[in-house]
1. Only one of (1) within 30 Å of the chain's Cα centre (by Cα); (2) free of Cβ contacts under 8 Å to residues at least 40 places away in the same chain is not met by Ser34, so which one is it?
2. Applying the selection to the range 56-80, what residues are surrounded by 15 or more Cβ atoms within 10 Å (Cβ to Cβ) and more than 14 Å from Lys102 (Cβ to Cβ)?
3. Somewhere in the range 136-147, is a residue assigned to a helix (DSSP H, G or I), acidic (Asp, Glu) and either more than 30 Å from Glu6 (Cβ to Cβ) or not assigned by TED's automatic domain parsing to the domain that holds Asn26 (or both)?
4. On the given criteria, is Asp92 charged (D, E, K, R), surrounded by fewer than 16 Cβ atoms within 10 Å (Cβ to Cβ), within 16 Å of the chain's Cα centre (by Cα) and in a loop (DSSP other than H, G, I, E, B)?
5. Go through the range 122-159 and give me each residue that's surrounded by 10 or more Cβ atoms within 10 Å (Cβ to Cβ), without any contact (Cβ under 8 Å) to a residue 24 or more places away in the chain and among the β-branched types (Val, Ile, Thr).
6. Of the conditions (1) within 19 Å of Leu17 (Cβ to Cβ); (2) in contact with a Ser or Thr (Cβ under 7 Å, 6 or more places away or on another chain); (3) surrounded by 12 or more Cβ atoms within 10 Å (Cβ to Cβ), Gln83 clears all except one; give me its number.
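The values are calculated or read from the model by the stated rules, or taken from the named source; none is laboratory data. These numbers were taken from a predicted model, which means no experiment stands behind them. Here the Cβ positions follow ideal geometry from the backbone for every residue, glycine too, while neighbour counts run over all protein chains shown.
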Amino acid sequence: MDPKLEKWKEIEFNVDLPHAKYEVSNYGRIKSYSTRETGKIIKGSNVNGYQAIMVRFDKRITQSYYVHRLVAESFIPKDNDNQVYVTHLDYDKANNHLSNLKWVSERELADHNNKNPKVLKKRITGYKLTESDVRVIKKMLKNEKTRYSQIARQFGITHTQLNRIRKGHNWGHVTIDE
C-alpha cells in the first residue's frame with residue numbers, strides 16, 4: 001500500500017455532523033477527525049463479513065455504513081440508475097480497495113454471486129431409491145407372482161412411480177443382469 005497513491009475524500013452524510021468529520025480512501029480505509037487534527041484511522045466493525053462504521057448523529061441516533069459502499073459512492077461513478085449495488089470483484093468482502101469494487105444492477109449482482117467459488121452448491125437430495133434398489137425392483141417386476149402394491153409399499157414409492165420404472169421412463173439407465 002503506497003501512501004502516495006492513497007487519495008482521501010470527505011464522506012457526505014445526509015445529516016450535518018458538527019462534532020466530527022469522516023474521510024474514506026480509495027484503499028478502503030476510514031479516517032475520523034472527531035478527536036485529532038490529523039485524523040485517526042478507524043477499523044470499524046464486521047457486519048455479515050462486511051466492514052462497517054457506526055456514525056453517531058446525536059446522543060441517541062446511530063447509523064451504520066458499509067465501507068465498500070462509501071468507497072464506491074466517493075470514487076466510482078455509476079453507469080446508469082439501475083446500478084444500486086456494490087459488488088466485490090474478487091468475492092472477498094474484506095477487500096474494499098477501489099480496484100476491487102464495482103457498481104452493478106440487481107441482475108448483475110445475482111450473476112456475479114452465482115459465479116462465487118466460495119459458495120458451496122447445494123447437493124440435490126431427496127431420491128427415495130438408489131440404483132441398487134431399482135435393480136432389485138426390476139428383478140421383482142420380472143416375477144409375475146409379485147404384486148405391484150407390495151413392491152411399492154416395500155420401497156416406499158407410489159404405484160405410479162413403480163409403473164414409470166417398469167416402462168423405463170424413470171431409472172431407464174439402470175439395467176439388470178439376466
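1. (1)
2. The answer is Phe57, Tyr65, Tyr66, Val67, Leu70, Ser74.
3. Scanning the range 136-147 turns up no residue that is assigned to a helix (DSSP H, G or I), acidic (Asp, Glu) and either more than 30 Å from Glu6 (Cβ to Cβ) or not assigned by TED's automatic domain parsing to the domain that holds Asn26 (or both).
4. Numbers: charged (D, E, K, R): yes; surrounded by fewer than 16 Cβ atoms within 10 Å (Cβ to Cβ): yes; within 16 Å of the chain's Cα centre (by Cα): yes; in a loop (DSSP other than H, G, I, E, B): yes.
Spelling it out, Asp92 is indeed charged (D, E, K, R), surrounded by fewer than 16 Cβ atoms within 10 Å (Cβ to Cβ), within 16 Å of the chain's Cα centre (by Cα) and in a loop (DSSP other than H, G, I, E, B).
5. The answer is Thr130, Val136, Thr146, Ile151, Thr158.
6. Among (1) within 19 Å of Leu17 (Cβ to Cβ); (2) in contact with a Ser or Thr (Cβ under 7 Å, 6 or more places away or on another chain); (3) surrounded by 12 or more Cβ atoms within 10 Å (Cβ to Cβ), Gln83 violates only (1).
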